[in-house]
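I have placed the structure first, in the form of structure tokens, so that the comments after it can refer back to it.
The values are calculated or read from the model by the stated rules, or taken from the named source; none is laboratory data. Remember, it's a predicted structure, so these values are computed and weren't measured experimentally. Ideal geometry is used to build each Cβ from the backbone, glycine not excepted, and the neighbour counts take in all protein chains shown.
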Amino acid sequence: MKKLVLLILTLILSVIFVGCSREDDITLKSNHPPTQTDKDQIEVITSFSMIEDMTKSIGGKHVKVTNLVPIGTDPHDYEPKPDDMKDIARSDLILYNGLNLEGGDKGWLAKVLDTTDYQKRNAVAVSKDVKPMYIGDEDNKEVNPHAFIDPYVGEKMVKAITSSLIQKNPEHEAYFKKNEARYLKSLHEIERDYDKKLNSIPKDNKVFVTSEQAFQYLTSRYNLKEGYIWAIDTEENGSPEQIKNLVQFIHRNKPPVLFIESNVDKRPMETVSTESNVKIYPKPIYSDEIGKKGEDADTYLSYLRYNLEVISDGLNSKNK
């Protein structure tokens, strides 16, 4: 059935995009800046919720944003729908995470762009200035895409979004820059809060345990010893061997609490908690998505504030 759907989508897209091929449309990456438009409102496609939120904050009234991967859906394995293809066809700019979140040059976004002959200079990885970190072992290693958990990486992403919007429509540069300055003012306050609170956690408490090794960029910056059930998201998540290894890590390092992400199966960590006799922090932590509107962490800035509160309170719990 999936093959039939993919065939139909390919035929639709071939009709929509016929004649649109460009010389620089060879891979997902392009060394050229986005083409310019004089449209008052840039039509932007974003790959997932955090970039959508950032883009709306910077672009304001001069962008119309359509997001592809909805909250609650794994951005790694998303399957584009026919309406997504039509939206891409009409778009002026695509802003995506990169760092393998969308699967890299062999992932779903690259396949869509290759199939549609979309002009790839108008598809920008907002993490392009981020130094990648890797997860897994030598036999199964891949880029960790969750850099945005670190607020300092978020700053680089915001600047990349602003730069792309300005390149797309230089006429609104002052407007975009003004919005960026306002946004970065709040983000810099959050960065200072992270520095103060996470650097002040007692050394013996700086052991951070989650289900997935998604927080590597943050734990590396703040010297937190990271424990996890699985490093790479596969069908083997929560295997007996993985749980055994984490329980042994916990016995050696004695973390104050365990954390569960908002979008993972809770049962593996509940088993770890039972076997290690270490409690799970009562509130979830967010990793690769923001919350739904009206919920905790429903913007990127509130996502950062929320996670800081959870991490700081949880890792200081031994001293309460």
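Under 23 Å from residue 276 (Cβ atoms), in contact with a Phe, Trp or Tyr (Cβ under 8 Å, 6 or more places away or on another chain), in a strand (DSSP E or B) and among the acidic types (Asp, Glu) - does that describe any residue in region 228-243?
no
Looking at (1) more than 30 Å from residue 212 (Cβ to Cβ); (2) under 12 Å from the mean Cα position of the chain (by Cα), which is the one condition that is false for residue 75?
Of the numbered conditions (1) more than 30 Å from residue 212 (Cβ to Cβ); (2) under 12 Å from the mean Cα position of the chain (by Cα), the odd one out for residue 75 is (1).
If we scan region 245-254, do we find a residue that is touching an Asp or Glu at 6+ places or on another chain (Cβ under 9 Å), within 23 Å of residue 147 (Cα to Cα) and touching a residue at least 40 places away in the same chain (Cβ under 8 Å)?
No, because not a single residue in region 245-254 is touching an Asp or Glu at 6+ places or on another chain (Cβ under 9 Å), within 23 Å of residue 147 (Cα to Cα) and touching a residue at least 40 places away in the same chain (Cβ under 8 Å).
Only residues that are without any contact (Cβ under 8 Å) to a residue 40 or more places away in the chain and outside any loop (DSSP other than H, G, I, E, B): list them for region 266-320, please.
267, 270, 271, 273, 274, 275, 276, 280, 302, 306, 309, 313
Any residue in region 110-128 that's not assigned by TED's automatic domain parsing to the domain that holds residue 146: show its pairings with residues that are at pLDDT below 90 and basic (Lys, Arg) at Cβ separation under 7 Å, as long as the two are six or more apart or on different chains.
Listed pairs, sorted by first residue: none to list.
Does region 103-117 contain at least one residue that is surrounded by fewer than 19 Cβ atoms within 10 Å (Cβ to Cβ), within 29 Å of residue 222 (Cα to Cα) and among the acidic types (Asp, Glu)?
Scanning region 103-117 turns up no residue that is surrounded by fewer than 19 Cβ atoms within 10 Å (Cβ to Cβ), within 29 Å of residue 222 (Cα to Cα) and among the acidic types (Asp, Glu).
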